[in-house]
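> Here's a structure for you.
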Amino acid sequence: MADRVTVIGWDGSPLTAAGRGALGAATLVAGAAHHLALPEVPPGAERIRLGSVALAARRIAGHRGTAVVLADGDPGFFGVVRTLRAPEFGLEVEVVPAVSSVAAAFARAGMPWDDAQVVVAHRRTLRRAVNVCRAHTKVAVLTSPGAGPAELGLLMEGVHRTFVICEELGTEREQVHVVTSDKAADHAWRDPNVVIVIGGTTGAAPAPEGGGWIAGRDPATGPRGWVLPDAQYGDGAPLGEGETDLLRAAQLARLGPRVGDLVWDIGCGSGAFATEAARAGAAVIAVDRDLAACMRSDAAARKFGVQLQIVHGAAPHVLENLPEPDVVRVGGGGAAVVNAVADRRPQRIVTHAATRDAAELVGRDLTEHGYQVECALLQSVELDTRAWTETERNVAFLLSGVLPERAP
């Protein structure tokens, strides 16, 4: 096992005395090509070009001597330290940090970043990173080859954002560009780069004086409750039969929208469900053939400071060009729309029916598409607590389908 492993962060500035001392004593140095070319790397040290951190960790664990790993930015922030400290390698790690690339990018942009979401985009996580950019007004994206600014821009079609693209931070080739998301695919960008994605509807409440108390989005923004009373939506007009707060609560519980998900809300009506899914951190596309419903949904999103992409058109045809969803609520359109949604293979689908025959038809369609189907008859009775008399009664069949191959 290596006698000592020091991880040195590098942000383009001269190494600290601690960093120079550790590097000068190293008998093994691992890093990217530009790290290994640093003049401080001892000529006689064994050099490992850092590709797979796990493979490098195994080499280091078997090395007799002093090892140094060089990494860009802060190696403890989405960096190599997590892998090197994994129990299977048995390495004791000392870290000499530098300014993280995210902090450097926001500094170049002259912006605060305690309220930003930070995501890593690889080929396997690109779609989820894009969904975070759809759902939030300020996101820093740590990119990788094949999952860079151009790919982000292409996948954000239909959503307008501004990209601040910081190329090769801390080097002589550093450049900062500001482009709109629809223009990002028109350029070839140099790696490594960080993309700051900003724009969208501003929050319902202004930022507190002196800043917030938690990194990222403040969970206390807006009224308390996963599902809000019906009176909060529709500008005083009654909501549709599939939009009552208790039914929405059951639908949200079955779908479980979360950060990184893309939700379709088909037949969005007042925008109540779409808004509540967005308050959970998911990206949401709200669809309705009624222009007035689209306008109500937009008003609800603005009222509660969430991001909705609103699509005016009739399902199922309007769904053809939408990006792939993770979970879907079908609030209108019946079996034909459920059928079209199931063809897209989301993880979960939820809908409702007014009669048992209609519920059975939808349930059979979902089963034929390979979904595990559950159905429950929900009944809610509103009481006037002054006289304890019934004021309203709602009955609906709640259907949900889970695709086993894509669970959870």
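> Calculate the dipole size of the range 116-161 relative to its Cα centre from +1 charges on Lys and Arg beta carbons and -1 charges on Asp and Glu beta carbons; express the result in debye to the nearest 20.
So the dipole magnitude of the range 116-161 works out to roughly 140 debye.
> Continuing with the same structure: Of ALA25, ALA299, PRO229, whose Cα points farthest to the positive end of the dipole of the chain (charges on the beta-carbon: +1 Lys, Arg; -1 Asp, Glu; origin at the Cα centre)?
ALA25
> Out of residues 5 or more away from ALA30 or on other chains, whose amide H comes under 5 Å of its own, with H placed 1.01 Å from N in the peptide plane?
Long-range HN contacts for ALA30: ILE48, VAL68, VAL69, LEU70.
> Also, quick follow-up: Report, to one decimal in Å, the Kirkwood hydrodynamic radius for the range 1-132 based on all distinct Cα pairs.
15.7 Å
> Compute the length gained on full extension between ALA237 and ARG59: take 0.36 nm times their separation in residues and subtract their Cα-Cα distance, giving the result in nm to one decimal.
Full extension of this stretch gives 57.4 nm more.
> For the range 175-325, with all protein chains present and a 1.4 Å probe, just round the carbon and sulfur fraction of the accessible area to a whole percent.
Reported share for carbon and sulfur atoms: 55 percent.
> Over the range 355-408, average the accessible area per residue using a 1.4 Å probe and give it in Å², no decimals.
That works out to 68 Å² for each residue.
> Quick check: net charge around ALA314, other residues with Cβ under 13 Å of its Cβ, Lys/Arg +1 and Asp/Glu -1? Don't skip to the answer; put the middle values down first.
Details: positive: ARG289; negative: ASP288, ASP290, GLU320.
So the surrounding residues net to -2.
> I'd like the Kirkwood hydrodynamic radius of the range 252-408, using the inverse of the mean 1/r over distinct C-alpha pairs, in Å.
16.1 Å
> Another question about this same structure. Taking amide H positions as placed in the peptide plane 1.01 Å from N, state which residues far from VAL284 in sequence (5 or more) or on other chains have amide H under 5 Å from it.
VAL263, GLN309
> Still on this structure, please answer the following. Classify the range 181-295 as rounded, prolate or oblate from the Cα gyration tensor: take a ≥ b ≥ c as the square roots of its eigenvalues, call it rounded if a/c is under 1.5, otherwise prolate when a/b beats b/c and oblate if not.
Prolate.
> Oh, and also: Can you compute the equivalent ellipsoid semi-axes for the range 279-349, i.e. the square root of 5 times each eigenvalue of the Cα gyration tensor, sorted largest first and rounded to whole Å?
Computed over the range 279-349, the values are 21, 15, 10 Å.
> Give the shape of the range 146-207 as rounded, prolate or oblate, defined through the alpha-carbon gyration tensor: a ≥ b ≥ c are the square roots of its eigenvalues, a/c under 1.5 means rounded, and otherwise the shape is prolate if a/b is larger than b/c and oblate if not.
It is oblate, given that a/c is not under 1.5 and a/b is not larger than b/c.
> Let me spell out the model: positive unit charges on the Cβ of Lys and Arg, negative unit charges on the Cβ of Asp and Glu, origin at the Cα centre of the chain. What dipole size does that give, in debye rounded to 20?
In total the dipole reaches around 980 debye.
> Can you tell me the accessible area per residue over the range 50-193, all protein chains present, probe 1.4 angstrom, in square angstrom? Intermediate results must be reported in sequence, preceding the final value.
Numbers: 7060 Å² over 144 residues.
The answer is 49 Å² per residue.
> Across all directions of projection, what mean area in square nanometres is found for the Cα convex hull of the chain?
Numbers: hull surface 96.7 nm².
Convex hull of Cα atoms, orientation-averaged projection: 24.2 nm².
> Contour minus end-to-end for ALA220 and THR385, with contour as 0.36 nm per residue of separation and end-to-end as the Cα-Cα distance? List each step's numbers first, then the result.
Details: separation 165, 0.36 × 165 = 59.40 nm, distance 2.95 nm.
Full-extension gain reported as 56.4 nm.
> Further question: Okay, helix-only estimate at 222 nm for the chain: each DSSP H run of n ≥ 4 adds -39500 (n - 2.57), divide by all residues, round to 500 deg cm²/dmol; what do you get?
-7500 deg cm²/dmol
> Okay, moving on. On average, how much area does the Cα convex hull of the range 349-408 cover when viewed from any direction, in nm²?
Its Cα hull, projected and averaged over all orientations, spans 5.0 nm².
> State in Å² the accessible area per residue of the range 196-348; use a 1.4 Å probe, count heavy atoms of protein chains only, and round to the nearest integer.
With all protein chains present, the range 196-348 gives 45 Å² per residue.
> With the full set of protein chains in place, find how many percent of the accessible area of the range 1-157 is carbon and sulfur; take the probe as 1.4 Å.
On the way: 3980 of 7360 Å².
Answer for the range 1-157 is 54 percent, counting heavy atoms of protein chains only.
> Also, I was wondering about something else. What is the packing order of peptides 295-305, 6-16, 103-113, taking the mean over residues of other C-beta atoms within 10 Å and listing the highest first? Present the calculation step by step, with values, prior to reporting the outcome.
On the way: 295-305: 20.1, 6-16: 18.5, 103-113: 16.6.
Highest-to-lowest ranking by the protection proxy: 295-305, 6-16, 103-113.
> In addition: Determine the percent antiparallel among the DSSP beta bridges restricted to the chain, to the nearest 5.
Counting DSSP beta bridges with both partners in the chain, the antiparallel share is about 50 percent.
The values are calculated or read from the model by the stated rules, or taken from the named source; none is laboratory data. As the structure is a prediction and not an experimental result, all values here were calculated from the model. Virtual Cβ from ideal backbone geometry, glycine too; neighbours counted across all protein chains shown. Note: accessible area is taken over every heavy atom of the protein model, side chains too, but ligands, DNA and RNA are not part of it. Shrake-Rupley method; radii C 1.70, N 1.55, O 1.52, S 1.80 Å.
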